[in-house]
Amino acid sequence: MSGPQLITILGATGSIGLSTLDVIARHPDRYQVFALTGFSRTRELLALCLRHTPRFAVLPTQDAARKLQDDLAAAGLDTRVLVGERGLCEVASHPQVDTVMAAIVGAAGLRPTLAAVESGKKVLLANKEALVMSGALFMQAVRQSGAVLLPIDSEHNAIFQCLPVDYARGLESVGVRRILLTASGGPFRETPLAELHDVSPEQACAHPNWSMGRKISVDSASMMNKGLELIEACWLFDARPDQIEVVIHPQSVIHSMVDYVDGSVVAQLGNPDMRTPIAHALAWPDRIASGVAPLDLFSIARLDFQAPDEDRFPCLRLARLAAQAGNSAPAMLNAANEVAVAAFLDRRIRYPEIASMIDEVLSLEPVVEVKDLAAVFEVDAKARVLAEQWLSRNGR
Ligand code: NDP
Ligand code: MG
């Protein structure tokens with residue numbers, strides 16, 4: 001390949017976005033930033049643009065974009081600032097872009113991530129919600145365009161590393177018995193059940209091993225994150241839900257495992273730092289330095305495992321049911337969860353109500369087939385309306 005690869009980072013101001021920039025900055029000969037996008041953290045996006053001098057930046061409103069454009073011009077930069085979802089799709093599919101890091105959180109990332117897929121890019125997928133919402137259409141678009149889809153989620157990146165290169169022939173054909181999807185159990189793994197009623201957003205966001213954005217931190221506390229990851233794994237590796245077992249492993253050193261019919265279990269280990277899967281996917285099939293410290297097994301000393309308790313983590317059960325139901329169920333689940341998590345972070349509902357709200361919203365609508373993207377967004381919108389109605393009845 002001639003010259004550095006040009007990279008668009010969707011969600012550059014977030015946790016994954018910043019880790020990606022950290023890895024890229026270590027390899028200026030291999031990677032160059034083409035576009036950076038932000039949403040609410042406009043000052044942070046300005047600082048990132050000054051440091052990485054992208055060709056394009058994207059912000060959600062005309063006013064914010066104009067202000068950033070003026071600030072960049074005053075600093076002597078000719079970065080062009082685009083606006084809104086159209087801008088996101090433009091920088092995701094631009095003919096000059098080689099690789100797109102899809103790291104917008106939630107349903108907002110679906111259209112731009114699909115734009116990258118449809119234009120045949122190398123797509124590094126962090127935005128699991130996009131795949132959960134529209135798995136069948138998303139994977140069909142990958143096959144049609146020839147896009148290279150590489151998982152960033154640490155568990156899926158680990159599974160990808162533990163599978164043989166020809167796993168697309170089918171898991172059973174390559175001798176896989178099951179996928180062991182590891183989970184830390186989050187901050188409430190051992191909290192007495194009676195105390196969960198009073199836990200705060202700050203406690204939910206204080207993950208024992210990973211530093212992440214607020215939405216995924218709450219999802220990790222409720223284990224909805226593992227439920228979304230179960231659905232994500234089904235699509236990425238063409239697995240049935242019953243081929244995936246969730247294993248709680250509090251140290252987050254093993255990032256997932258593949259169990260083969262001959263009794264071999266292949267695991268990927270590493271310090272819990274997203275720069276490892278990011279560097280892996282960026283350079284794949286090569287290996288590059290990520291800045292992550294070598295694993296010190298002597299200081300870790302032990303690795304523990306336990307089965308998940310669905311009374312403690314009802315969101316995991318809801319997600320497994322949605323995975324089994326397929327069709328519109330995962331998109332409903334995802335949208336209801338996004339509303340519930342935002343309401344919990346705003347202190348409008350208590351932590352246990354996240355699960356009860358999602359459960360009730362899912363029970364109100366039949367599961368229907370989703371044939372196209374319009375149908376996916378219709379399901380998403382419907383679930384949000386039902387969730388908001390639930391909130392106005394029960395929330396503060
Ligand atoms: P953050 O909340 O830290 O970052 C989210 C990014 O998305 C920010 O750049 C934010 O902009 C942008 N954004 C938010 N809302 C919108 C919107 N409506 N339109 C456009 N952009 C928007 O999240 P994370 O980095 O933690 O997570 C990103 C994704 O990666 C999620 O899907 C998550 O599940 C996944 N993931 C994250 C992991 C982690 O370790 N953090 C691990 C595995 C997966 P701004 O900040 O400017 O508002
Ligand atoms: Mg994960």
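The values are calculated or read from the model by the stated rules, or taken from the named source; none is laboratory data. This structure is a prediction, so every number in the text was calculated from the model and none was measured. Methodologically, a virtual Cβ is constructed for each residue, glycine included, from the backbone with ideal geometry; neighbour enumeration extends over all protein chains shown. The protein model used for the area step is the full one, side chains on, heavy atoms only, and it has no ligands, DNA or RNA in it. Shrake-Rupley method; radii C 1.70, N 1.55, O 1.52, S 1.80 Å.
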Basic (Lys, Arg), buried (at least 17 other Cβ atoms within 10 Å of the Cβ) and either assigned to a loop (DSSP other than H, G, I, E, B) or at pLDDT 95 or above (or both) - does that describe any residue in segment 224-235?
-> yes
Across (1) buried (at least 24 other Cβ atoms within 10 Å of the Cβ); (2) touching a strand residue (DSSP E or B) at 6+ places or on another chain (Cβ under 9 Å); (3) assigned to a helix (DSSP H, G or I); (4) not charged (D, E, K, R), residue 139 clears everything bar (1)
Exactly one of 169, 214, 177, 240 is closer than 20 Å to residue 350 by Cα and either surrounded by fewer than 24 Cβ atoms within 10 Å (Cβ to Cβ) or not small (Gly, Ala, Ser) (or both), and that one is 214
Is it fair to say residue 173 is of a type in the set (Ser, Thr, Tyr) and assigned by TED's automatic domain parsing to the domain that holds residue 98?
-> no
What are the residue pairs meeting all of these: first residue in segment 293-318, first residue within 24 Å of residue 218 (Cα to Cα), second residue outside any loop (DSSP other than H, G, I, E, B) and open to solvent by 80 Å² or more (accessible area, probe 1.4 Å), Cβ atoms under 7 Å, and 6 or more apart or on different chains?
-> 310/317; 312/193
Sort out which residues of segment 143-157 are open to solvent by 10 Å² or more (accessible area, probe 1.4 Å) and under 18 Å from residue 10 (Cβ atoms), and write them in order of number.
-> 145, 147, 148, 149, 153
Of everything in segment 144-174 that's in a helix (DSSP H, G or I) and free of Cβ contacts under 8 Å to residues at least 40 places away in the same chain, which residue is farthest from ligand 1 (Cβ to nearest atom)?
-> 169
Going through segment 199-217 in order, the residues found to be within 14 Å of ligand 2 (Cβ to nearest atom) and either under 18 Å from residue 342 (Cα atoms) or of a type in the set (Asp, Glu) (or both) are 207, 212, 213, 215, 216, 217
Pairs where the first residue, in segment 335-352, is at pLDDT 95 or above and the second is open to solvent by 50 Å² or more (accessible area, probe 1.4 Å) and among the charged types (D, E, K, R), C-beta under 7 Å, 6+ apart | 335/384; 339/384; 339/388; 345/214; 348/396
